[in-house]
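Contents: one structure, followed by commentary.
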Amino acid sequence: MGSWVRDLSHTVIDADLLDGVSKEISGCLAAASFAEALDDSGAELLEDVWVDLTASRSASSRQFTLRGTIRTTVQLECALCLEPFQRQVALDLNRCFVIGADPANQSSEVQMTLDVVFVANGRLALLPVIEEELILDLPMVPYCRTECAGLCPGCGSNLNVESCSC
């Protein structure tokens with residue numbers, strides 16, 4: 001008997017349904033769903049993205065939270081030796097959302113003091129949130145390992161694999 005996996009690719013969190021309760025959100029998002037978002041990063045997901053999250057909101061509050069973990073494996077290219085390598089991703093997610101329009105867009109006098117995301121209609125698509133977290137976790141300059149020797153500037157040999165005669 002096979003196991004059933006919940007596809008979360010089209011999941012939308014409705015904050016109105018969270019009033020005073022928590023909701024568990026577990027399943028996966030297809031790796032192909034992230035191809036366009038990761039296109040400029042040079043990263044490629046090697047497996048689906050697994051999430052175990054809890055969405056919660058206190059009764060009558062305009063604020064709700066999304067907490068949990070995100071797991072996947074990504075393939076990157078080393079900036080020194082140009083070889084592909086795999087990196088395990090295990091992220092802790094703790095994001096705060098506020099139902100309503102962003103006051104910063106309504107008045108230039110309002111200053112934001114909290115790191116929150118405003119959700120105008122109280123409905124939050126899960127995929128863009130997970131995309132953003134994955135992109136922010138990618139290294140700006142990926143290295144296959146800290147002791148990577150890179151390429152010889154003279155002949156281009158991978159110094160991790162062979163010595164050169166330059």
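Tell me which residues, restricted to region 27-49, are under 15 Å from E132 (Cβ atoms) and in a strand (DSSP E or B).
L29, L45, V49
Could you tell me how many of the residues in region 1-19 are assigned to a loop (DSSP other than H, G, I, E, B), modelled with pLDDT of 60 or more and out of contact with any Cys (no Cβ under 7 Å at 6 or more places or on another chain)?
Counting residues in region 1-19 that are assigned to a loop (DSSP other than H, G, I, E, B), modelled with pLDDT of 60 or more and out of contact with any Cys (no Cβ under 7 Å at 6 or more places or on another chain) gives 4.
Which one is nearest to R123 (Cα to Cα) among residues in region 61-86 that are touching a Ser or Thr at 6+ places or on another chain (Cβ under 9 Å) and not β-branched (V, I, T)?
Out of the qualifying residues, it is F64.
Which residue out of P128, P153, P139, P84 is at pLDDT 85 or above, touching an Asp or Glu at 6+ places or on another chain (Cβ under 6 Å) and of a type outside the set (D, E)?
The conditions single out P84.
Is at least one residue of region 23-33 modelled with pLDDT of 90 or more, exposed (fewer than 13 other Cβ atoms within 10 Å of the Cβ) and within 20 Å of the chain's Cα centre (by Cα)?
Checking region 23-33: at least one residue is modelled with pLDDT of 90 or more, exposed (fewer than 13 other Cβ atoms within 10 Å of the Cβ) and within 20 Å of the chain's Cα centre (by Cα).
When region 50-94 is examined, which residues are found to be buried (at least 17 other Cβ atoms within 10 Å of the Cβ) and not in a strand (DSSP E or B)?
C78, L80, C81
Among the residues of region 119-157, what is the count of those that are in a strand (DSSP E or B), surrounded by fewer than 17 Cβ atoms within 10 Å (Cβ to Cβ) and of a type in the set (A, V, I, L, M, F, W, C)?
1
The values are calculated or read from the model by the stated rules, or taken from the named source; none is laboratory data. What you see is a predicted model; the values in this text were computed from it and never measured. Because the Cβ atoms are built from the backbone with ideal geometry, glycine has one as well, and the counts that use them run over all protein chains shown.
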